[in-house]
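Novice: Okay, here's the structure, questions in a sec.
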């Protein structure tokens, strides 16, 4: 299909659309198909925009398609939504923010119904609120607690909000089959017969549209840069090389050049992008470029190493901090950093298979980070942030609301309540001033009272930590007229494991030995009973 001249598409762009071949078809065919999909119904579109190459390519395609429509046909809204986990790589944050602003400005100029939005996780669900506040360990492949809290939930909330306004929405993604085979299979599984749409895997009344599903990576870069890929013979064999047919770099339809994006990929050794995560079937970021600088799912962050190697020296402290977190996930080192108790106050023993059955071992699983480690890590993070800001880089590694959330978690920690209220002092020691710390009515006690309990508790053979929790519970409940459930709460505290890991393991071993001894005695008794039954049977037969 050939597009004809419209008031909003210039001659050079029109020539490019009609002449260039993408995935075996002219680009004009994809533009026309996108226009048909847009005009097919009144359901608004939500474009998942990560700022990476694929989501940018979809954004260009949709923008061009709208430019080619008559003004009265541009009837339904398009929401461009980017998810900021608050720990995205800073240079990518700048790129995404600038891109969203440019898209919004261009849409207003061109009269397009496009608005740009950025979503973030709830304060209590951010990376630092969980890791430094609650003591969650750094994410690993087997315990990737971050994706749902930081990416899926914020985007899902945005989509649900639009569904409540419009009944149904269509989510437009830059998914490509050759980029993620698993994602392509999931979309194919939920494909609606006779339609270009697929059902959303988890959100009702939301549908998925993937307009560049058949594109290859070369097609993506061509629509972003307006250049050609040609093959050249070299001493090392045939190599592909990008050659510009037009100017060195052409402008994106909303304005600005994509050379910044190209350099981000080039500087990070061609790493992939972290896609717009909308559900648990979306491929994980892994060692991608467009991910979190704190990501410990992979052993080494080669993307950040490449950025540093290409001149971003100020990111060195971030890489060191990320590597420090990664070391805490090494199995043999976990017990140096993490409590032996889980957040429910209990010690959980590991199990193993023996004769086809699960049996307890003498080893235990580790719980949250020790409060002392969290304090040191937060202080280091604040010092890094202050140092980076002193070099005139406007980088926010941790937000003020997150600091308040962390403080609240420390004061109410189930295993190590911070009676000394350490966080305000940590902050003031580094920054030289105080924030507006609210009085937290969590009934924490002073360090002096804590020390006194530590001295007295051993004389009465009780745990000082247990007594502190019981006092906290009493003060917390003292103002209530009805203290419903107070005994259950007391019971939960008393049932927690307050001893050291060594003492609990010793008790567990003694208990199992007693059980084995009792089992042996029962078996012996059963044998004796069988002998008696045999004698009785013989006696009755006489």
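The values are calculated or read from the model by the stated rules, or taken from the named source; none is laboratory data. Nothing here was measured: the structure is a model prediction, and the numbers come from that model. All Cβ positions, glycine included, derive from the backbone under ideal geometry; neighbour counts span all protein chains shown.
Novice: Which residues, counting only those in region 409-428, are surrounded by fewer than 19 Cβ atoms within 10 Å (Cβ to Cβ), in a helix (DSSP H, G or I) and touching a residue at least 40 places away in the same chain (Cβ under 8 Å)?
Specialist: Correct list: 426 only.
Novice: Additional query: If residue 388 meets every condition in (1) in contact with a helix residue (DSSP H, G or I) (Cβ under 7 Å, 6 or more places away or on another chain); (2) more than 21 Å from residue 294 (Cβ to Cβ) apart from one, which number is that one?
Specialist: With respect to (1) in contact with a helix residue (DSSP H, G or I) (Cβ under 7 Å, 6 or more places away or on another chain); (2) more than 21 Å from residue 294 (Cβ to Cβ), residue 388 is out only on (2).
Novice: Among all residue pairs at least 6 apart or on different chains, which show Cβ distances below 9 Å where the first residue, located in region 163-190, is within 16 Å of residue 207 (Cβ to Cβ) and the second is loosely packed, with under 15 Cβ neighbours inside 10 Å and modelled with pLDDT under 90?
Specialist: Cβ pairs passing all conditions: 163/204.
Novice: Among the helices (runs of 4 or more DSSP H) contained in region 1-87, which hold 1 or more residues that are at negative phi and at pLDDT 90 or above?
Specialist: Correct list: 27-39, 53-67.
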